[in-house]
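Worksheet: the structure to be examined is printed underneath.
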Amino acid sequence: MVIVLLYAVCSFFTEFSPQAVLANLDQFWLFLSEDFFPPQFPTDIRMYNILDSVAVTIAMAISSTTIAGILAFFTALFASELVSPFPKCAKFVRGFATFLRNIPALVWAFILFSSLGIGTGVGFAALLITSFAFMVRAFTETMEDISVDCLESLEAVGAGFWQRVAHGIVPSCISGFLAWFLYCIEVNVRASTIVGMVGGGGVGMVLFSYIKSFNYHMAFTVILIIAAVVILVDRITGKIRKELEQ
Amino acid sequence: MKEPLAQSTVAVRYGFNHKIKTECAYQNKAIPVFLGSTAALCVLSLLYLDVDWIKLAAAAGYGQYILPPGTVRF
């Protein structure tokens, strides 16, 4: 009853009408079947451009996630009250990461694009910021899930901060860190396409240029290539995750 | 008084005068391989992206698009 009421209220405020959607369904289908189908096989030069942009997208996702992961690891050490040598500052570090995380990659791309212009540097920076913020949170949660006994026993025998990290945190959490890191790569491969559409470079920019020039058959080909790449990346990261968990 | 290191404490207690060997009970050899290959991939990716870092770092006006509250009126 509450859900139905909420739906009714939200529909009223957003002026959403399911009837309008259903009435235009045939137009939507016509657009898909006539403008998008069949996908156009690109010429050699176009194919090279598309594959090059796909490589740029993947490179952007891998490099930004890796650098963000390294930065996030060291930041997360200070964001966890359990581990941090300054537990009172942990809340501020977390707050900063939460602030960065609440701004989506697309918005970061818009902010950076306005000041830096179009290019892969913008996409890289946007993905770096969001991945960093996400991984700080994920790594902190992973660290706080480990047994306190391990850290206390290390502390009891006189281990310093970095010794506790090297012999207590890293061995206990490394598989968790890597699982989050791989998840972040998956997310970033998808996100880099969207970031590319607003000027971040890569395959998103190519897709956007085809859509803007009404070349929907080619746009559909690019969409199929993106889908294939995303599925491939998901499968590869899934296999790596299984190997690392063993 | 500064606390002694973990190994030195144990060494004093048991009369050892050499460094104690520490080994993991179980080593997952896939992890160092993964970390090494990821680092290599990251470097290759950065080279492939060919971003002009100097231009990126020196770009003026990072803050000029974040306006103080009240500047924009709807």
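What is the residue count in the stretch B:35-45 for residues that are more than 17 Å from the chain's Cα centre (by Cα) and either farther than 30 Å from A:S53 by Cα or within 7 Å of chain A (Cβ to nearest Cβ) (or both)?
So in the stretch B:35-45, the residues more than 17 Å from the chain's Cα centre (by Cα) come out as B:44-45.
From what's left, either farther than 30 Å from A:S53 by Cα or within 7 Å of chain A (Cβ to nearest Cβ) (or both): B:45.
Of the residues in the stretch B:35-45, 1 are more than 17 Å from the chain's Cα centre (by Cα) and either farther than 30 Å from A:S53 by Cα or within 7 Å of chain A (Cβ to nearest Cβ) (or both).
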From A:I118, A:I129, which residue is in contact (Cβ under 8 Å) with a residue 12 or more places away in the chain, assigned to a loop (DSSP other than H, G, I, E, B) and among the hydrophobic types (A, V, I, L, M, F, W, C)?
-> A:I118
Looking for whichever is out of contact with any Cys (no Cβ under 6 Å at 6 or more places or on another chain), under 20 Å from A:L128 (Cβ atoms) and more than 12 Å from chain B (Cβ to nearest Cβ) here; the options are A:M205, A:M218. Which one fits?
-> A:M205
Quick one: would you say A:A109 is closer than 20 Å to A:V206 by Cα, part of a helix (DSSP H, G or I) and either out of contact with any helix residue (DSSP H, G or I) (no Cβ under 6 Å at 6 or more places or on another chain) or more than 10 Å from chain B (Cβ to nearest Cβ) (or both)?
-> yes
How many of the residues in the stretch A:129-171 are surrounded by fewer than 16 Cβ atoms within 10 Å (Cβ to Cβ) and in contact with a helix residue (DSSP H, G or I) (Cβ under 7 Å, 6 or more places away or on another chain)?
-> 1
Given (1) farther than 15 Å from A:V83 by Cβ; (2) within 11 Å of another protein chain (Cβ to nearest Cβ), number of the condition A:I174 does not satisfy | (1)
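To keep it simple, each residue is scored yes or no on (1) surrounded by 15 or more Cβ atoms within 10 Å (Cβ to Cβ); (2) over 28 Å from A:W162 (Cβ atoms); (3) touching a residue at least 40 places away in the same chain (Cβ under 8 Å).
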residue: A:S11; (1), (2), (3): no, yes, no
residue: A:S17; (1), (2), (3): no, yes, no
residue: A:A20; (1), (2), (3): no, yes, no
residue: A:A23; (1), (2), (3): no, yes, no
residue: A:P39; (1), (2), (3): yes, yes, yes
residue: A:P42; (1), (2), (3): yes, yes, yes
residue: A:F74; (1), (2), (3): no, no, no
Residue list for the stretch A:112-127, filter: farther than 16 Å from B:Y48 by Cβ and either out of contact with any Gly (no Cβ under 7 Å at 6 or more places or on another chain) or surrounded by fewer than 24 Cβ atoms within 10 Å (Cβ to Cβ) (or both) = A:L112, A:F113, A:S114, A:S115, A:L116, A:G117, A:I118, A:A125
Test result for A:T130, within 12 Å of chain B (Cβ to nearest Cβ), under 23 Å from A:G199 (Cβ atoms) and polar (S, T, N, Q) | no
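Tell me which helices (runs of 4 or more DSSP H) are completely within the stretch A:15-95 and hold 3 or more residues being within 14 Å of chain B (Cβ to nearest Cβ) and in contact with a helix residue (DSSP H, G or I) (Cβ under 6 Å, 6 or more places away or on another chain), or say none if there are none.
Fully inside the stretch A:15-95 and qualifying: A:44-79.
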Selection over the stretch B:1-34 where residues are within 8 Å of another protein chain (Cβ to nearest Cβ) and either in a helix (DSSP H, G or I) or at pLDDT 85 or above (or both) yields a count of 7
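The values are calculated or read from the model by the stated rules, or taken from the named source; none is laboratory data. A quick note: this is a predicted structure, and the numbers were derived from the prediction, not measured. Backbone-built Cβ (ideal geometry, glycine too); neighbour counts: all protein chains shown.
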